[in-house]
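Quick notes on the structure that follows.
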Amino acid sequence: MKTKILTVFAIAVLAMGLIVYGRAHASRGMQAQMQTNQPLKAGYTVQYTVTENNKVVSMVTRSVKSNGEFLESIDYLDADGSCSKRSKLAGTIEQGAVSIDDAHQKLVYVGPAALRSFTEAELRASKHFDREDYFLGHKVTVERDCDDGNVQCAEAWRATDLGGEFLKFDIVSNNGNRRTKEATSVRLGEPSFAVPGYPIDNSGYQRIQEIRHASR
């Protein structure tokens, strides 16, 4: 069975988690490999719900500055709708991509910032491009990908005016299972946020790199 759908999913996950900035920047001894990229026209904040088989399992708030820096907060919900856990991920020019651990007052280094914004022409040129549509008033390109036999299909709605930000991502299996991350609101305007000045813990990232080098 082909696994193209996993590629689309991986792109979506990266798009929600990492950033690009148009120059290289050294961050406390770690080189954040940045990719040359056009800046966004404006910053924005998106509210999302994540559902599994029509049941809301988490709520996401994602704020992105015009230079690509972002802060994403995820509230994981119990069956009664109460928040059982909150996680926060940020990407900045100074720190790269980090998970914010308030309980232990540290920033867990995830890796270099690596997301780029896309023009409408680039989005339309995607090999997975299926159609154009509108979502919450924003023009989007819809990408679709299925594995062999259509056992599982994924569709992604990407806003052309927000550098390709995913406003909806939907994975449907032929056994009836469905997982959807869907924007419920988009607010334009430069967000204001700051990442805590906790020390950076890059031990986990370094272990992963060591394992990768050893397996070569």
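Just so it is clear, none of the values below were taken in a lab; they were calculated from the coordinates. It should be emphasised that the depicted structure is a prediction, and the values quoted were computed from it without experimental measurement. Methodologically, a virtual Cβ is constructed for each residue, glycine included, from the backbone with ideal geometry; neighbour enumeration extends over all protein chains shown.
When the Cα positions of SER87, HIS104, THR160 are compared along the charge dipole of segment 72-199, HIS104 comes out farthest toward the positive end, with charges on each C-beta of Lys, Arg, Asp and Glu. Near LEU89: Cβ cut-off under 10 Å, other residues only, Lys/Arg at +1 and Asp/Glu at -1. The net charge is +1. Taking a Cβ cut-off of under 14 Å around LEU167, the surrounding Lys, Arg, Asp and Glu residues balance to a net charge of -2, with basic ones at +1 and acidic ones at -1. Here's the picture: charge each Lys and Arg Cβ at +1 and each Asp and Glu Cβ at -1 in segment 128-206, and of GLY197, ASN150, VAL140 the one pushed furthest to the positive end of that dipole is GLY197. Here ALA194 and TYR134 are evaluated by their C-beta separation; at R0 = 41 Å the FRET efficiency comes out at 0.75. Here the simple spin-label model places points 7 Å from the Cα toward Cβ, and for SER203 and GLU122 these points are separated by 3.7 nm. Per-residue extension of 0.36 nm, minus the Cα-Cα distance of GLU52 and ASP102, leaves a gain of 15.2 nm for this segment.
For segment 85-216, taking Cα atoms only, Rg and Dmax work out to 18.5, 50 Å respectively.
Full extension of the chain segment joining SER215 with CYS153 gains 19.1 nm, where the gain is 0.36 nm per residue of separation less the Cα-Cα distance. Filter LYS85/LYS181; LYS65/LYS139; LYS65/LYS106; LYS41/LYS85; LYS88/LYS139 down to the pairs with a C-alpha to C-alpha distance above 26 Å, please. In this structure, LYS41/LYS85; LYS88/LYS139 lie more than 26 Å apart at Cα.
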